[in-house]
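Structure record follows, encoded as structure tokens.
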Number of protein chains: 2
Amino acid sequence: MARLVLKFGGTSVADLDRIRNVARHVKREVDAGHDVAVVVSAMAGKTNELVAWCREASPLHDAREYDAVVASGEQVTAGLLAITLQNMGVNARSWLGWQIPLKTDGSHGAARIAEIDGSEIVRRFGEGQVAVVAGFQGIAPDNRISTLGRGGSDTSAVALAAALKADRCDIYTDVDGVYTTDPRIEPKARRMARISFEEMLEMASLGAKVLQVRSVELAMVHKVRTFVRSSFTDPDAPGMGDFDNPPGTLICDEEDIVEQEVVTGIAYARDEAQISLRRVSDRPGVAAAIFGPLAEAGVNVDMIVQNVSESGAYTDMTFTVPAGDLAKAKDVLDKAKAEMQYEVLQSESGLTKVSVIGVGMRSHTGVAATAFKALADRGINIRAITTSEIKISILIDGDYTELAVRTLHAVYGLDKA
Amino acid sequence: MARLVLKFGGTSVADLDRIRNVARHVKREVDAGHDVAVVVSAMAGKTNELVAWCREASPLHDAREYDAVVASGEQVTAGLLAITLQNMGVNARSWLGWQIPLKTDGSHGAARIAEIDGSEIVRRFGEGQVAVVAGFQGIAPDNRISTLGRGGSDTSAVALAAALKADRCDIYTDVDGVYTTDPRIEPKARRMARISFEEMLEMASLGAKVLQVRSVELAMVHKVRTFVRSSFTDPDAPGMGDFDNPPGTLICDEEDIVEQEVVTGIAYARDEAQISLRRVSDRPGVAAAIFGPLAEAGVNVDMIVQNVSESGAYTDMTFTVPAGDLAKAKDVLDKAKAEMQYEVLQSESGLTKVSVIGVGMRSHTGVAATAFKALADRGINIRAITTSEIKISILIDGDYTELAVRTLHAVYGLDKA
């Protein structure tokens with residue numbers, strides 16, 4: 001007997017048939033004797049519809065009212081799932097953010113969770129009641145509904161799991177786990193049994209859209225054992241109710257992974273653009289002069305590479321931005337050319353950032369060199385490189401994306417079971 | 001400067017264009033210097049969709065969860081109207097039932113309002129803020145959302161007007177007032193400037209679907225001056241902002257109507273069915289023996305006429321039920337035939353109840369006789385008659401509905417300005 005938080009996203013509750021399927025997953029765990037809290041998103045497409053209405057009502061809408069409108073989507077799903085569970089003979093009750101209460105700060109539209117009082121939900125576990133919690137929402141200090149920002153239901157689930165001291169937080173989604181790379185590009189990609197929080201953070205932030213970055217951060221801080229698993233698998237298929245080893249990927253502490261691989265996954269992010277400023281006068285504060293105005297304009301700068309010229313008087317500054325931000329970034333740089341003191345601006349879009357991820361590379365040498373050689377052997381030109389303790393990111397021409405991902409996946413042996 | 005509650009129904013807020021139109025009505029009153037609270041329904045069709053989902057999830061759904069799901073419709077409209085008003089430069093804030101709070105009893109799905117704390121809304125009137133209140137909902141003693149039953153937004157508005165001590169409650173709807181009869185049947189029907197609460201109750205319960213019966217009862221008890229007016233008229237048309245005499249029908253105390261007509265309106269209800277039990281043994285308790293089982297079966301019995309036979313040993317019992325309840329009623333009566341001691345059951349459907357309404361008939365004689373003669377002159381057969389202090393109801397063959405309505409409308413001079 002354990003305590004579980006299960007989270008189901010929008011595609012998993014898209015209609016009443018799917019909600020019934022979700023209810024069967026819940027019932028399976030209840031029948032196994034577990035305490036269960038379920039966190040649900042809005043039905044697929046519903047949040048987008050509500051957001052579009054707010055925008056149509058006013059492009060500059062009040063975040064408090066936006067929250068009141070948008071949070072209604074999860075409210076509907078929570079009530080419908082509670083009814084469906086009751087219809088299957090499961091004692092269930094829905095909970096909205098203000099009823100728990102799940103208290104947030106006052107940043108309406110992108111609130112952060114401040115405190116969750118799980119005592120009443122826990123008391124009702126004692127009566128055999130399932131809690132069906134509307135995700136993505138809380139109550140702000142002004143006694144108004146707040147929302148956690150897009151994708152916030154993952155965060156609700158992990159935070160609730162921490163507050164309830166749950167043994168596990170199961171994130172049910174439309175994929176059955178976290179893979180060594182994108183299976184659409186590399187069919188030999190394997191589902192990982194386990195991945196560390198740190199690695200998952202790098203995977204998530206690079207566009208492996210399984211889990212929201214914030215929820216992984218939260219799980220890491222509170223050490224919430226988080227499972228990524230599929231809601232589309234038959235709820236009663238063999239092994240689905242296996243408490244110790246359910247089908248899916250466990251995101252956990254590094255020390256819980258006995259045989260750590262050096263490299264665990266290959267991630268990629270398309271639609272990057274590169275900007276190079278040539279012959280920038282090399283003086284203290286030059287980086288601030290360039291990146292300050294870009295940040296103010298809301299341009300999301302990612303990789304930054306700086307080379308010193310032979311003479312030492314000039315430097316070349318290269319960095320990447322999302323392709324969608326390129327025009328805005330060039331505009332900012334053009335206007336501030338005199339101040340920034342560069343001679344030439346060069347830019348190119350249609351690039352991809354490929355990343356090799358693994359906590360094991362901290363204690364292994366030559367990991368980066370292996371990647372560079374493998375790409376060179378395939379004739380893939382490297383435009384920029386950045387590294388962190390557990391990640392090597394390489395900027396390449398977008399046309400080579402699939403080849404590079406498959407090459408790196410193979411060279412680190414990830415395609416072998 | 002006054003205090004107003006404005007209520008807008010589902011067709012008035014059906015999409016964002018109409019919500020903008022509603023906002024213009026609100027702004028007109030705000031610009032005139034009034035304190036304004038607005039009560040809104042869900043967008044047309046939305047409540048039906050949510051109710052259908054609850055039914056699909058489970059035919060016997062939990063009323064608490066039904067309330068959580070269904071109340072979301074008004075939540076969306078309230079937020080969107082607040083955003084739209086803000087976009088027009090009007091200081092506005094949405095209020096859900098639990099935020100006000102509007103406290104109800106625990107009868108989820110058909111709750112009654114217990115108490116409304118309007119103090120915070122009134123405080124914000126002082127800051128020039130408009131309150132946009134989600135209709136149809138409150139909070140029950142169990143700290144869960146409750147709904148007031150279908151059409152409950154009218155009731156929300158009247159109750160809020162009473163709590164806020166509003167000078168007037170304007171019910172904006174898709175008609176521009178209450179008419180002397182249905183204008184689709186009698187083009188000469190006139191909009192009444194005023195109608196008493198008592199008369200409106202009879203009109204409403206007879207199917208003049210302008211206002212919910214409960215809201216009229218509440219307005220009568222709390223003496224809330226209630227205006228029925230159109231939301232589809234241009235908000236800035238001449239006279240729309242006239243505080244003393246806006247276009248529409250005022251529902252008010254009888255004593256506020258200076259020149260009371262004897263008859264003020266002709267109402268009708270189609271699809272009535274008549275059941276006659278012949279040669280019922282005339283003994284004490286016979287009515288209870290017949291109508292008790294019908295009530296238990298949920299059959300809504302309306303007109304009841306009892307004639308004593310010549311001998312006094314038998315009686316004939318005639319009553320009406322909605323045509324949709326006829327089969328069920330006959331089933332109940334068949335099964336209990338021995339107990340009820342009647343000889344023959346006759347029934348007929350396709351009937352209409354036409355009613356003449358007016359508080360003036362209390363002090364005038366001959367009102368009923370005028371109706372009977374007028375109908376007889378047109379060859380319309382009267383099947384049953386019931387009367388109350390302010391109403392005469394006549395059951396006729398449904399084919400004569402329009403003719404009867406026009407005949408009665410004319411005979412009491414209602415078609416004259």
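The values are calculated or read from the model by the stated rules, or taken from the named source; none is laboratory data. Here the structure is a predicted model, which means the values were calculated and not measured. Cβ: placed from backbone, ideal geometry, glycine included. Neighbour counts: every protein chain shown. Side chains included, ligands, DNA and RNA excluded: accessible areas come from the protein's heavy atoms. Shrake-Rupley method; radii C 1.70, N 1.55, O 1.52, S 1.80 Å.
What the table below lists for this structure:
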| quantity | calculated |
| --- | --- |
| One residue from A:A111, A:A134 being open to solvent by less than 10 Å² (accessible area, probe 1.4 Å), within 14 Å of B:A68 (Cα to Cα) and either within 26 Å of the chain's Cα centre (by Cα) or in contact (Cβ under 8 Å) with a residue 40 or more places away in the chain (or both) | A:A134 |
| Failed criterion for B:E254 (all others in (1) over 23 Å from B:R406 (Cα atoms); (2) open to solvent by less than 20 Å² (accessible area, probe 1.4 Å) hold) | (2) |
| Yes/no for B:D236 being acidic (D, E), within 30 Å of B:A32 (Cβ to Cβ) and surrounded by 15 or more Cβ atoms within 10 Å (Cβ to Cβ) | no |
| Segment B:213-223, subset in contact (Cβ under 8 Å) with a residue 40 or more places away in the chain and open to solvent by 10 Å² or more (accessible area, probe 1.4 Å), residue farthest from the chain's Cα centre (by Cα) | B:H222 |
| Segment B:359-417, residues that are among the aromatic types (F, W, Y) and farther than 30 Å from B:Q346 by Cα | B:Y412 |
| Any hit, segment B:338-354, residues being under 30 Å from B:E255 (Cα atoms) and open to solvent by less than 80 Å² (accessible area, probe 1.4 Å) | yes |
| Positions within segment A:321-330 being open to solvent by 70 Å² or more (accessible area, probe 1.4 Å) and charged (D, E, K, R), in sequence order | A:K328, A:K330 |
| Segment B:35-81: number of residues that are of a type in the set (S, T, Y) and either farther than 28 Å from A:V130 by Cα or at pLDDT below 95 (or both) | 4 |
| Number of the exception - B:V367 against (1) over 21 Å from B:V299 (Cα atoms); (2) at pLDDT below 95; (3) surrounded by fewer than 15 Cβ atoms within 10 Å (Cβ to Cβ) | (3) |
| Any pair with Cβ under 7 angstrom, 6 or more apart, that starts in segment A:390-414 at a residue that is among the hydroxyl-bearing types (S, T, Y) and ends at one that is part of a helix (DSSP H, G or I) | A:T407/A:A374; A:T407/A:L375 |
| Residue under evaluation B:R194, criteria (1) within 30 Å of B:G324 (Cβ to Cβ); (2) among the basic types (K, R); (3) touching a Cys at 6+ places or on another chain (Cβ under 9 Å), criterion not met | (1) |
| Residue within segment B:185-198 that is out of contact with any His (no Cβ under 8 Å at 6 or more places or on another chain) and farther than 15 Å from B:T249 by Cβ present | yes |
| Residue within segment B:142-149 that is within 14 Å of B:V38 (Cβ to Cβ), within 12 Å of chain A (Cβ to nearest Cβ), open to solvent by 20 Å² or more (accessible area, probe 1.4 Å) and more than 21 Å from the chain's Cα centre (by Cα) present | no |
| B:A273 out of contact with any strand residue (DSSP E or B) (no Cβ under 6 Å at 6 or more places or on another chain) and farther than 22 Å from B:D174 by Cβ | no |
| Unmet criterion (only one of (1) under 20 Å from B:L326 (Cα atoms); (2) surrounded by 21 or more Cβ atoms within 10 Å (Cβ to Cβ); (3) not aliphatic (A, V, I, L, M)) for B:D397 | (2) |
| Every residue from segment B:82-108 that is more than 8 Å from chain A (Cβ to nearest Cβ), modelled with pLDDT of 95 or more, touching a helix residue (DSSP H, G or I) at 6+ places or on another chain (Cβ under 9 Å) and open to solvent by 30 Å² or more (accessible area, probe 1.4 Å) | B:M88, B:G89, B:N91 |
| In segment B:169-212, the residues that are open to solvent by 50 Å² or more (accessible area, probe 1.4 Å) and more than 20 Å from B:L6 (Cβ to Cβ) | B:Y179, B:P183, B:R184, B:P187, B:K188, B:R190, B:E198, B:S205 |
| Selected residue (only one of A:R24, A:R18 is of a type in the set (K, R), modelled with pLDDT of 95 or more, within 24 Å of B:D67 (Cβ to Cβ) and in the same structural domain as A:T155 (by TED's automatic domain parsing)) | A:R18 |
| Scan of segment B:257-271 for residues that are assigned to a strand (DSSP E or B) and loosely packed, with under 15 Cβ neighbours inside 10 Å, ordered by number | B:R270 |
| Near pairs, Cβ below 8 angstrom, 6+ apart or cross-chain, from segment A:346-367 (within 17 Å of A:G413 (Cα to Cα) and of a type outside the set (A, V, I, L, M)) to any residue that is in a helix (DSSP H, G or I) and open to solvent by less than 10 Å² (accessible area, probe 1.4 Å) | A:G358/A:E199 |
| Flag if B:L375 is more than 30 Å from B:R194 (Cα to Cα) and open to solvent by less than 20 Å² (accessible area, probe 1.4 Å) | no |
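Rundown of residues vs (1) polar (S, T, N, Q); (2) closer than 30 Å to B:L326 by Cα; (3) at pLDDT 90 or above, yes/no style:
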{"residue": "B:Q212", "(1), (2), (3)": "yes, yes, no"}
{"residue": "B:V224", "(1), (2), (3)": "no, no, yes"}
{"residue": "B:F227", "(1), (2), (3)": "no, no, yes"}
{"residue": "B:D244", "(1), (2), (3)": "no, no, no"}
